[in-house]
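Asker: The structure's right below; bear with me while I get my questions together.
The values are calculated or read from the model by the stated rules, or taken from the named source; none is laboratory data. None of the values given here were measured: they were computed from a predicted structure. Ideal geometry is used to build each Cβ from the backbone, glycine not excepted, and the neighbour counts take in all protein chains shown. Remember, those area values only see protein heavy atoms, side chains included, never the ligands or the DNA or RNA. Shrake-Rupley method; radii C 1.70, N 1.55, O 1.52, S 1.80 Å.
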Amino acid sequence: MQTDKAEQYRELVEESQKSYRDNPDDHKNNKIELAALDTDNCKEINLYTYWQGLGYAKKTPHIKYLLVGQDWGNPFFGRDNFIDRVIAINNGSDKPYYKKAVFDTDDNLVELFKVLKDSQGEPYNIATKRYDDLFFTNFCLGYRKGKESGGMPKGLMKKDAAFFKELVAILEPDNILCLGKRTFECVYEALCGYKTQKPEGFGGAYNDFIEKYKPIDAEYGENKTTRIFPLAHPGYMGIMNRINRKGTVREGLEKQKDDWEKIAKQRG
């Protein structure tokens, strides 16, 4: 079974990258153009996976939390020496993915994951440790070629829905943590079907939905389920939007920690 999962994962990585290389027109509109990275730069399903989930095919561990973001943006623009670190990791270096104060989103995720407990009952410390039961990816598996950020249309994200669904079938995660409204919507529809009625309360203010949603379980594979959690994005705008732009970043982060406490209470 482990060998099967390892091979399935490797094939998925290859197929998803091939999709971007062979069908470039399918992954762009008049504002955004997405492309695959050179295989020397990314050997996992996503650059995010270099933080948590690196080397999944070697051990195919049980995944407790699958973290899903929207898209990675342009990895070569304003990214310090990030790609150099990834290339070094591919060449066997033990350099960490995370580097404090490079990305606000990453710094905030470090704090948010401390709300959850690892297999030893201790807070996750993703700043310094890779955990076998964590896996990070973006829903959109392409990378922006320009400098633009934001404005990602749902239609472009949906191009990777089948790849995401297959990834979930391989990983069999207990929980899926969705960063942002559009990410949650794409994850939900990919697993439950695009014609499936949305969860009660979805469609209004996303903050209200985050606070009031009932447990959301999605089926995949044969009689298997995973629980989906709608969360705010932990970047600056997501932090401030969570408190309707009233208050400080610190207050917004504390509000998001309350949201993550729900996960801890439901899933341990």
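Asker: Hey, what's the stretch 5-266 come to in accessible area per residue, 1.4 Å probe, Å²?
Answerer: Values: 12440 Å² over 262 residues.
For the stretch 5-266, the solvent-accessible area averages 47 Å² per residue.
Asker: Across bins of 5 angstrom width beginning at 0, how are the C-alpha pair distances of the chain distributed, in whole percent?
Answerer: In order of increasing distance, the bins hold 1, 6, 13, 18, 20, 19, 14, 7, 2, 0, 0 percent.
Asker: Counting only helical runs of four or more DSSP H residues, what would the 222 nm mean residue ellipticity of the chain come to if each run contributes -39,500 (n - 2.57) and the total is spread over all its residues? Intermediate results must be reported in sequence, preceding the final value.
Answerer: On the way: 10 runs with 105 residues, N = 268.
Estimated from H runs of four or more residues: -11500 deg cm²/dmol.
Asker: Hey, another quick one. If you place +1 on the Cβ of every Lys and Arg and -1 on the Cβ of every Asp and Glu, how big does the dipole about the Cα centre of the chain come out, in debye to the nearest 20?
Answerer: 660
Asker: Take the solvent-accessible surface of the protein heavy atoms, probe 1.4 Å, and return the percent of it on the chain that carbon and sulfur atoms account for. Please list the in-between numbers first.
Answerer: Numbers: 5900 of 13030 Å².
Carbon and sulfur together cover 45 percent of it.
Asker: I've got another one for you. Short version: ³J(HN,Hα) in whole Hz for each residue of the stretch 45-59, in order, from phi by Karplus 6.51 cos²θ - 1.76 cosθ + 1.60 (θ = phi - 60°), x for Gly and Pro, what are they?
Answerer: 5, 7, 4, 4, 5, 5, 7, 9, x, 4, x, 3, 5, 6, 10
Asker: Another question, then. Counting DSSP beta bridges in the chain, what percent are antiparallel, to the nearest 5? If you can, show how the numbers build up before the last one.
Answerer: Numbers: 9 of 23 bridges.
Of those bridges, close to 40 percent are antiparallel.
Asker: Just flag the GluC sites (Glu not before Pro) in the stretch 146-234 sitting in loop per DSSP whose Cβ has no more than 10 other Cβ atoms within 10 Å. Let's see the in-between values first.
Answerer: Numbers: sites: GLU148, GLU166, GLU185, GLU189, GLU200, GLU211, GLU219, GLU222; in loops: GLU148, GLU200, GLU222.
Counting only loop positions with at most 10 other Cβ atoms within 10 Å, the GluC sites (Glu not before Pro) in the stretch 146-234 are GLU222.
Asker: Check GLU33: other-chain or 5+ apart residues with amide H under 5 Å from its amide H, H built from backbone geometry?
Answerer: LYS145, GLY146
Asker: Run the count for the stretch 219-265, please: Lys pairs, Cα-Cα under 24 angstrom, 8 or more apart or on different chains. Walk me through the intermediate numbers first.
Answerer: On the way: LYS224/LYS262; LYS224/LYS265; LYS246/LYS255; LYS246/LYS257; LYS246/LYS262; LYS255/LYS265; LYS257/LYS265.
Lysine pair count for the stretch 219-265: 7.
Asker: What percent of all Cα-Cα pairs in the stretch 100-241 falls in each 5 Å bin, counting up from 0?
Answerer: With 5 Å bins starting at 0, P(r) equals 2, 8, 17, 21, 21, 19, 10, 3, 0.
Asker: Check ILE216: other-chain or 5+ apart residues with amide H under 5 Å from its amide H, H built from backbone geometry?
Answerer: Here ILE228 satisfy the definition.
Asker: Sticking with this structure for a sec: In whole Å, what is the distance between the alpha-carbon centres of the stretch 103-118 and the stretch 12-27?
Answerer: About 31 Å separates the Cα centre of the stretch 103-118 from the one of the stretch 12-27.
Asker: Further, regarding this structure: Give the peptides 42-49, 70-77, 7-14 in descending order of average Cβ contacts within 10 Å, highest first.
Answerer: Numbers: 42-49: 22.5, 70-77: 18.0, 7-14: 16.0.
By packing density, highest mean first, the sequence is 42-49, 70-77, 7-14.
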